[in-house]
Structure formats: structure tokens, C-alpha cells
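Beneath this line is the structure, given in C-alpha cells, with notes to follow.
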Amino acid sequence: MSLVGALPFLKPRLSPSVSPGRQRRHTLPASEFRPLNTQDAISVFEIEKEAFISVSGDCPLHLDEVRHFLTLCPELSMGWFEEGRLVAFIIGSQWDQDRLTLVLCITSPYIFLNELYLIHIHVLAVHRTFRQQGKGPILMWRYLQYLRCLPYVRRAVLMCEDFLVPFYQKSGFKVQGRCSITVASLTFTEMQYPVRGHALMRRNSLGCKPPPL
């Protein structure tokens, strides 16, 4: 069984050396996946700032934008916490166009439940201490499985620099072409993941339960 397949969906993994009955009530879970909230915004921004500024000189989302997304659509984010510490995260929002543009079009995803929408993945970042451990692909896998359980999601879209295209292709994203958005001299490739194109998972199964807000 692969590492990804061995991890329970959105459930903490307890240390095998300590039985659940002997866990102290105040002990933080060894590993937890949950939606982010505004209280996580500073931790999110610190990780994002370190990951992106050294490469591109700027962040995809500034702190006020992080807080805005985590207020408007926290259920479209996911954080990986180890013993209460944020080690990796994804922030997404609803998107109402077929291609990405400079205009951010986000609304609450629960307003029009009869429609199918795109989810724009704005940021995926891993804390520098936890890089090169495969956490990025695992977090993306869990996030995409979660999106498959949301009835209004049609596709997930993102833009990335060319050197990251193989990374996202391994997660199932397909290249759509050159993105119309540029940042200074940086250009990006737009990629999409067909959420509704996959076989639907049973929404009442353990694997399809969304993380609690």
C-alpha cells in the first residue's frame, strides 16, 4: 500500500506506541488535516512569505487577502498540522470563469448549490522544515479527494511556473495552456483537474466526510 493510500482521509494518525485509551485528553493529535480559519492566517502567511518571496519577490496572497479568503470560504482551504503546528496548507476559492484572469471572482459556495463551479487553488506551501518529505503531494491528494465530495465543484484550476508543471501533473492536473496572468517578468501555465470527471465517491462513506469547520 502506498503512503498516500495508507493515510486515513482527514483523520489524525495516533502513534502506534500509545493506545487511544491511554492518550491524555490534552494531547494534540500527531497529525491532523482540517480547514483553516482566520486564527491560522498569520501562520499561513509566514510559511507563504518564506516559500515565495525568496523565489519571486512577492506572495500569491498578502496577509489581508489570506484573512479575506479564510473568512469568506474557509471550507475551501486545508491545513496539515503536526502536534498543533501548521506544516503545510492549501487555500482555494470559488471561481466562476473557465479561465483564470486578474479579476478575483469569489463568492460563498453555498449560495448556488444547483450550479457547478470551478475551485481556484491559489496557494500550496510547505514549511521549510518539512520540505522534501512528500507532504505537498499528500496534502494535494487529500484536498482533491475532499473536493470530490462537494456537490457543487466541477473542476479545480491553478496556475504555476513551468518547472512546477510535472509536480501537478503527478496529482492529475492537465495543462490548459499559457495563463493570461503575469507577475513582472514571470509567466505561468494554467492547469485543471476534472473533479466531476472522476467516478463519484460515496458521500456517506468514511472517505467522503468533509472536515469539521
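The values are calculated or read from the model by the stated rules, or taken from the named source; none is laboratory data. Just so we're clear, the structure is a prediction, and the values are computed from it rather than from any experiment. Here Cβ is always computed from backbone atoms with ideal geometry, including for glycine, and neighbour counts include all displayed protein chains. SASA here: full protein model, heavy atoms, side chains in, ligands and nucleic acids out. Shrake-Rupley method; radii C 1.70, N 1.55, O 1.52, S 1.80 Å.
Observations, loosely collected:
- For the pair GLU83 and ARG196, label points projected 7 Å from Cα toward Cβ lie 4.4 nm apart.
- Charge tally in the Cβ shell below 11 Å around GLU48, where Lys, Arg are +1 and Asp, Glu are -1, GLU48 excluded: -3
- Derived scalar couplings ³J(HN,Hα) [the range 125-139; Karplus, 6.51 cos²θ - 1.76 cosθ + 1.60; whole Hz; x for Gly, Pro]: 9, 10, 4, 4, 5, 10, 7, 6, 10, x, 6, x, x, 5, 5
- Taking a ≥ b ≥ c as the square roots of the eigenvalues of the Cα gyration tensor, an a/c ratio of 1.5 or more together with a/b no larger than b/c marks the range 130-196 as oblate.
- Heavy atoms of VAL175: accessible area, 1.4 Å probe, square angstrom to 10: 80 Å²
- Near SER77, the amide H atoms lying under 5 Å from its own belong to LEU36, GLY92; only residues 5 or more places off or on other chains count, and H is placed 1.01 Å from N.
- Here the label points at GLN133 and VAL183, each 7 Å from Cα along the C-beta direction, are separated by 2.5 nm in the simple model.
- Anisotropy class of the range 41-94 from Cα gyration tensor, a/c 1.5 cut: oblate
- Site pair VAL165 and GLU50 shows an inter-label distance of 3.1 nm when each label is modelled 7 Å from Cα along Cα→Cβ.
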